[in-house]
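The values are calculated or read from the model by the stated rules, or taken from the named source; none is laboratory data. Owing to the predicted nature of the structure, the values given are computational and were not obtained by experimental measurement. Don't worry about glycine lacking a Cβ; one is built from the backbone with ideal geometry, like all the others, and counts go over all protein chains shown. For accessibility, only protein heavy atoms count, side chains too; no ligands or nucleic acids. Shrake-Rupley method; radii C 1.70, N 1.55, O 1.52, S 1.80 Å.
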Amino acid sequence: GLGFNIVGGTDQQVISNDSSIYVSRIKKDGPAHLDGRLQEGDKILAVSPFFCHPVDLKDLRHMDAVELFKNAGYDVSLKIQRRLQPGNGPLGHRGDGDSGGFPLAAVLVSGLALAAAVWILLRYRQRI
């Protein structure tokens, strides 16, 4: 996968009256961790698989969002809203739609494929 876990959705709201999808965990040494731009607590607004139009994550069930990420491939672009305060998960997000001065950021995760390939190569070489 892309090296991160998500929480949220219309059926699993983590913030009352907010069905957004949030990054709950960045897996150590996974592609998202190696890329370094995505952070725990970020709200994922949209995902664009390689050379495809963005898919809005608003009003999706949790499992539908999971399937979208599973089928997106390794070269994706994410439109995110940065969390407002440090901390794990979406707890630092106010949930009121105010970005607190942080602009919406488009995070291109194209480096994930390269990072994953390097990680796999290094792991493979260690076993030989």
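Observations on the structure shown:
- For region 1-87: span of alpha carbons on each principal axis (Å, largest first): 31, 30, 18
- Computed from the Cβ-Cβ distance with R0 of 22 Å, the FRET efficiency linking D59 to K27 stands at 0.25.
- Accessible surface calculations at 1.4 Å, restricted to protein heavy atoms, place region 4-81 at 53 Å² per residue.
- Length gained on full extension, E67 to S16, computed as 0.36 nm times the residue gap minus the Cα-Cα distance: 16.0 nm.
- Residues E40, E67 ordered from highest to lowest accessible area at a 1.4 Å probe: E67, E40.
- The listed residues Y74, Y22 rank as Y74, Y22 when sorted by accessible area, largest first, using a 1.4 Å probe.
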